[in-house]
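Okay, so here's the structure we're looking at.
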Ligand SMILES: [Zn+2]
């Protein structure tokens with residue numbers, strides 16, 4: 001949440017003309033911006049206001065911050081660890097979830113238990129740490145890993 005942001009940052013917020021935006025006294029009434037809530041990092045009152053603002057200002061914001069990406073961002077192989085699971089349909093009618101740590105760029109896929117899967121977050125470092133703990137060998141073009149004895 002942006003610090004000190006109380007009001008919705010969409011300049012067109014009052015154009016929603018909702019009853020809760022009415023202020024002033026008889027003969028001198030007006031609509032005013034709503035309070036910001038959880039949208040767009042806490043800067044907007046609704047998703048719609050966030051989109052309306054983004055339509056108008058996002059290009060400028062990116063350019064003025066000097067953060068426009070001109071070349072594709074590259075994630076090197078040492079940072080390519082991830083965990084994932086897939087649903088496994090078995091012929092005997094028993095189905096289950098299979099869990100893995102994988103580094104596709106290194107050609108490594110290590111089966112892990114549900115407990116191991118749940119014990120780490122999605123970060124590259126935690127996935128790599130678990131892979132190292134289990135042990136694996138890099139052998140390009142072939143999926144090679146030591147057997148995972150943990151249950
Ligand atoms: Zn708004």
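Bear in mind that the values in this text are calculations on the coordinates, not laboratory data. From a predicted model like this one, the values you see are computed outputs, not experimental measurements. Virtual Cβ from ideal backbone geometry, glycine too; neighbours counted across all protein chains shown.
Points to keep in mind about this one:
- Extension gain for residue 26-residue 63 works out to 8.9 nm (0.36 nm per residue, less the C-alpha to C-alpha distance).
- Dimensions of the chain along the principal axes, based on C-alpha atoms and rounded to the nearest Å, stand at 79, 43, 28, largest first.
- Per-residue Cβ neighbour rank within 10 angstrom, fewest leading, 73, 6: 73, 6
- When each of the peptides 7-14, 33-40, 122-129 is scored by the mean number of other C-beta atoms lying within 10 Å of its residues, the order from highest to lowest reads 7-14, 33-40, 122-129.
- When the P(r) is computed for the range 63-138, the part past 21 Å accounts for 42% of the Cα-Cα pairs.
- Overall form of the range 13-64 per C-alpha gyration tensor (a/c, 1.5; a/b vs b/c): prolate
- Placing a label point 7 Å from the Cα of residue 41 along the Cα-to-Cβ line, the residues of the range 50-76 whose backbone N sits under 19 Å from it are 50-70.
- As a rough footprinting exposure proxy, the listed residues 46, 113 were ranked by other beta carbons within 10 Å of their own, and the order from fewest upward is 113, 46.
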